[in-house]
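**Q** Dropping a structure here in structure tokens format, bear with me for questions.
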Amino acid sequence: MSVTTDADLVVRCPWGNDPAMIAYHDDEWGRELRGDRELFERLSLEAFQSGLSWAIILRKRDNFRAAFAGFDPEAVAAFGDADVARLLDDAGIVRNRLKIEATISNARTLVELDESFSDLLWSFAPPPAPAPTSYADVPATTLESIAMAKALKRKGFRFFGPTTAYALMQATGMVNDHLADCVARTRP
């Protein structure tokens, strides 16, 4: 079931319920995103979101970008113990040691890849599917997200399972899970 906001009488997916989430829903979520740095950022933020609400991560996104050198994989790959300590003291981000260490490890894995990270992730994008009519029609995982998570794990990526992989696929336009009557479904 989609929601109509009183402010603009536009039908949207039901999860965009504050100005920041509405802007994210309308302008970013489900839009095609490519690029190694851009997808490293999204993979990292989706991992940090695990167990939390996306609204928390979205509110802290600028802090994450500052703390993780704009998610430049080469820069993050060079982080050491002092950086881990600095990040654990940074109240502007989610201070979870496992997630912080996984982000640094994932950057190191990414820079060692012998292929484009963007191309690798997009190789798991499924063909377009019919628009869901309710969130009951939206899975938490798919065969493609399971395959993506397994492939990344084999390459050495950490803190990235099938559910996080599917969330990444949704966020970056690999799948379009905007509901059938959502205004964002038809926007370029």
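The values are calculated or read from the model by the stated rules, or taken from the named source; none is laboratory data. Here the structure is a predicted model, which is why all the values come from computation and not from measurement. Don't worry about glycine lacking a Cβ; one is built from the backbone with ideal geometry, like all the others, and counts go over all protein chains shown. In case anyone asks, the SASA skips ligands and DNA or RNA and just uses the protein heavy atoms, side chains included. Shrake-Rupley method; radii C 1.70, N 1.55, O 1.52, S 1.80 Å.
**Q** For the stretch 100-151, what is the largest minus smallest coordinate of the Cα atoms on each principal axis, given in angstrom and ordered from greatest to least?
**A** 40, 24, 15
**Q** Next up: In deg cm²/dmol and to the nearest 500, what is the mean residue ellipticity at 222 nm of the chain if only DSSP H runs of at least 4 residues count, each as -39500 (n - 2.57), divided by the residue total? If you can, show how the numbers build up before the last one.
**A** On the way: 10 runs with 99 residues, N = 188.
Calculated at 222 nm, the ellipticity per residue is -15500 deg cm²/dmol.
**Q** What's the longest bit of the chain with no exposed GluC sites (Glu not before Pro), using DSSP loop states and at most 15 other Cβ atoms within 10 Å as the test?
**A** The longest such stretch corresponds to 33-114.
**Q** Given the Cα-Cα distance of A125 and A140 and 0.36 nm per residue of separation, how much length would full extension add, in nm?
**A** Length gained, A125 through A140: 3.9 nm.
**Q** Among I93, I56, I146, whose mean-square fluctuation peaks in a Gaussian network model of the chain (Cα, cutoff 10 Å)?
**A** Of the options given, I56 has the highest mean-square fluctuation.
**Q** At 7 Å along the Cα-to-beta-carbon direction for both A20 and A151, put a label point, then send me their distance in nm to one decimal.
**A** 3.3 nm
**Q** Working from Cα positions, state the angle (0 to 90°, nearest 10) between the long axis of helix 143-155 and the longest principal axis of the chain.
**A** Helix 143-155 and the main axis of the chain meet at about 10 degrees.
**Q** Give the calculated FRET efficiency between E101 and T186 to the nearest 0.05, with a Förster radius of 35 Å applied to their Cβ-Cβ distance.
**A** Rounded to the nearest 0.05, the efficiency is 0.25.
**Q** While we're looking at this one, here's another question. Once the other residues with Cβ under 11 Å from the Cβ of T172 are scored (Lys, Arg +1; Asp, Glu -1), what is the net sum?
**A** My count for the surroundings of T172 gives -2.
**Q** Hey, another quick one. Loop-only chymotrypsin sites (Phe, Trp or Tyr not before Pro) in the stretch 65-165, please: DSSP not H, G, I, E or B, and at most 12 other Cβ atoms within 10 Å.
**A** Working: sites: F68, F71, F79, F117, W122, F124, Y135, F157, F159, F160; in loops: F68, F79, F124, F157, F159, F160.
Passing both the DSSP loop test and the Cβ count: no residue.
**Q** Here's a follow-up. Tilt of helix 97-112 relative to the longest C-alpha principal axis of the chain, in degrees (0 to 90, nearest 10)?
**A** Between helix and principal axis, roughly 80 degrees.
**Q** Please state the relative contact order of the stretch 39-188 as a whole percent: Cα pairs under 8 Å, 6+ residues apart?
**A** Relative contact order, the stretch 39-188: 24 percent.
**Q** Another question, if that's okay. Mind running the shape call on the chain? Use the C-alpha gyration tensor, a ≥ b ≥ c as the square roots of the eigenvalues: rounded below 1.5 for a/c, prolate if a/b tops b/c, oblate otherwise.
**A** oblate
**Q** Separate question: Using a 1.4 angstrom probe on heavy atoms only, work out the carbon and sulfur share of the accessible area of the chain in %. It would help to have the intermediate numbers written out before the result.
**A** Values: 4850 of 9090 Å².
Solvent-exposed carbon and sulfur of the chain make up 53 percent of the total.
**Q** Also: For the pair E74 and S53, how long in nm is the line joining their label points, each one 7 Å along Cα→Cβ?
**A** If labels sit at E74 and S53, their model points lie 3.9 nm apart.
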